[in-house]
Ligand code: N01
């Protein structure tokens, strides 16, 4: 393997090494360096956290970032077709009104490079880079009960100590390279979409395989098919895709939004999913066939997430209601794909919306092209092994020059476990979470003092427009730390009871929906051996209700938390109170 600073093709068993390759700048073991706070990750979350702690609270803070640039998700995921599925005018920071006014997005759903440019602009605008150490991959995070400090170490041999650690590691960061027999034997080039070479990949005249048909595969397949000589898509579970209907943003629309941003911000902060969308206040079962068709057509023509997050209000709860919505999408697939046999393979059987909704641009149309073949695990046979020449599935060997793994992530918990976090008594987070994550409000963990997670498991996180949830967490954490500093408190951690109650609340709520009935990464079901447990949070009033609840917790003197203060006579522990 090469030692370059950016990912290139790799042998799949070296995937973790590829993840590290960005961090090639090694240094000798440096002496510990102390900061008030260490923040892990320089994406949307880590950048705002740094700005908040440093510029609002005047704290010393250091961001440790594995990549050699800011951007997080948008730094790493550079696969063909990578773009945002959230409208650009709300997929951004909203905390600075001037920033909102000065930045203009070109498209409804901008491409990866435009979002990365935006984040680089923000890093420069708020002068963040001097406080970010790039090329530093954290591999050990240990709490010392005698000093009430964390020691954070990196693969590069650095050590930092800090009063607070904030994990801004993202929900979808740890790539999932499947353990398929023979995976290292392939003689061609292999790529995982989440570690795409910065120089791009030329598919011209190549026989290409794409494994995976989630939101990433759905974006990549149409673009790769334009270039490749032959593209074969290996599908394990079909996706329900809804058209993105991407396009340039009308300058008049931008002007109107800029004039009305306060209202937009208020809307998304109070909304269910962080979008300017809410469910229709009606059951699909009560609507006439004509009315349903009209509404479905309207949402379909509008494109984007409205069909998913603005549909009839029983779609997520009632199988009969969901069947009606699912059937509408199935009809669209049948009418788009020319070959009825291929169309049937592309039609899902699980409940619509219970896996993450991919937005498509010509995905189904791509299967009408002569150079595109679909190999469906159910009807053609599953992948059996990777061979020197390609992929064997259903007893047949398919030969390729390039295999693209669009196989997703160890979502929500993978990146946190990689930090090897040890709390009180050397308790390991990885062991604690063997049966699935437990985290009070999705922000803090009992036994792990002064450790905060931005968009952690059991918070709305990836079940919301993520920047909205990031800003809410950053602002709540900032206020919490400010409270501690005002009151000379040394540590904060939730009680076991509060954490347990929160975990039960999360499961009780999601159990009212159809989501747990479908195997998805939301349920941890995409990773062999991972506990099946809902990883996010869907509350009765969504991200708006969750925000209000978090604010109430702090208004009640941090209900459910325990603080300790260190005086001359040792450490005094108190239940939360200002
Ligand atoms: O990953 P996925 P993704 N053999 O896990 C298949 C976000 N995102 O990267 O469904 C064969 O959804 C797997 O099959 P199955 C978004 O939140 C955002 O596509 O598990 N196949 C599935 O088809 C999204 O949800 C944007 O049966 C295997 C696919 O690989 C999240 O990222 C854009 C396999 C993985 O789908 C993850 O999406 C793109 C195996 N061994 C993504 N293992 C934005 O717009 C897995 N698969 C911001």
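What's the total number of residues in the stretch 72-105 that are closer than 27 Å to residue 243 by Cβ, assigned to a loop (DSSP other than H, G, I, E, B) and either within 16 Å of the ligand (Cβ to nearest atom) or out of contact with any helix residue (DSSP H, G or I) (no Cβ under 9 Å at 6 or more places or on another chain) (or both)?
Looking only at that region, the number is 13.
Failed condition for residue 293, given (1) in contact with a helix residue (DSSP H, G or I) (Cβ under 6 Å, 6 or more places away or on another chain); (2) surrounded by fewer than 18 Cβ atoms within 10 Å (Cβ to Cβ), with all others met?
(1)
Looking at the structure I just gave you, is residue 267 in a helix (DSSP H, G or I) and either within 10 Å of the ligand (Cβ to nearest atom) or surrounded by fewer than 22 Cβ atoms within 10 Å (Cβ to Cβ) (or both)?
yes
Identify all residues within the stretch 237-251 that are touching a strand residue (DSSP E or B) at 6+ places or on another chain (Cβ under 8 Å) and either under 16 Å from residue 333 (Cα atoms) or not in a strand (DSSP E or B) (or both); write none if there are none.
238, 241, 242, 243, 244, 246, 247, 249
Does at least one position in the stretch 396-405 carry a residue that is assigned to a loop (DSSP other than H, G, I, E, B), more than 30 Å from residue 386 (Cβ to Cβ) and at pLDDT 95 or above? Give the derivation first.
Going through the stretch 396-405, the residues assigned to a loop (DSSP other than H, G, I, E, B) turn out to be 400-401.
In the following step, the residues that additionally are more than 30 Å from residue 386 (Cβ to Cβ) were identified as none.
No, there is no match, as no residue in the stretch 396-405 is assigned to a loop (DSSP other than H, G, I, E, B), more than 30 Å from residue 386 (Cβ to Cβ) and at pLDDT 95 or above.
For the stretch 369-395, what are the residues that are part of a loop (DSSP other than H, G, I, E, B) and either within 16 Å of the ligand (Cβ to nearest atom) or buried (at least 21 other Cβ atoms within 10 Å of the Cβ) (or both)?
377, 378, 379, 380, 381, 382, 387, 394 - these are the residues of the stretch 369-395 that are part of a loop (DSSP other than H, G, I, E, B) and either within 16 Å of the ligand (Cβ to nearest atom) or buried (at least 21 other Cβ atoms within 10 Å of the Cβ) (or both).
Pairs please, first residue from the stretch 230-257 and touching a residue at least 24 places away in the same chain (Cβ under 8 Å) and under 30 Å from residue 392 (Cα atoms), second anywhere and away from the ligand (no atom under 16 Å from the Cβ) and part of a loop (DSSP other than H, G, I, E, B), Cβ atoms under 7 Å, 6+ apart in sequence or on different chains.
230/371; 231/371
With respect to the numbered conditions (1) out of contact with any helix residue (DSSP H, G or I) (no Cβ under 9 Å at 6 or more places or on another chain); (2) within 16 Å of the ligand (Cβ to nearest atom), which one is the sole condition not fulfilled by residue 114?
Tallying (1) out of contact with any helix residue (DSSP H, G or I) (no Cβ under 9 Å at 6 or more places or on another chain); (2) within 16 Å of the ligand (Cβ to nearest atom), residue 114 fails exactly one: (1).
Please list, ordered by first then second residue, the pairs with beta carbon atoms under 6 Å, 6 or more apart or interchain, first in the stretch 316-333 and within 17 Å of residue 300 (Cα to Cα), second modelled with pLDDT of 95 or more and assigned to a helix (DSSP H, G or I).
Listed pairs, sorted by first residue: 324/284; 328/296; 333/343; 333/364.
Would you mind telling me which numbered condition in (1) exposed (fewer than 15 other Cβ atoms within 10 Å of the Cβ); (2) under 30 Å from residue 55 (Cβ atoms); (3) away from the ligand (no atom under 15 Å from the Cβ) residue 122 fails?
With respect to (1) exposed (fewer than 15 other Cβ atoms within 10 Å of the Cβ); (2) under 30 Å from residue 55 (Cβ atoms); (3) away from the ligand (no atom under 15 Å from the Cβ), residue 122 is out only on (1).
The values are calculated or read from the model by the stated rules, or taken from the named source; none is laboratory data. Keep in mind the model is a prediction, meaning the values are calculated, not measured. Cβ atoms come from the backbone with ideal geometry, glycine included; neighbour counts cover every protein chain shown.
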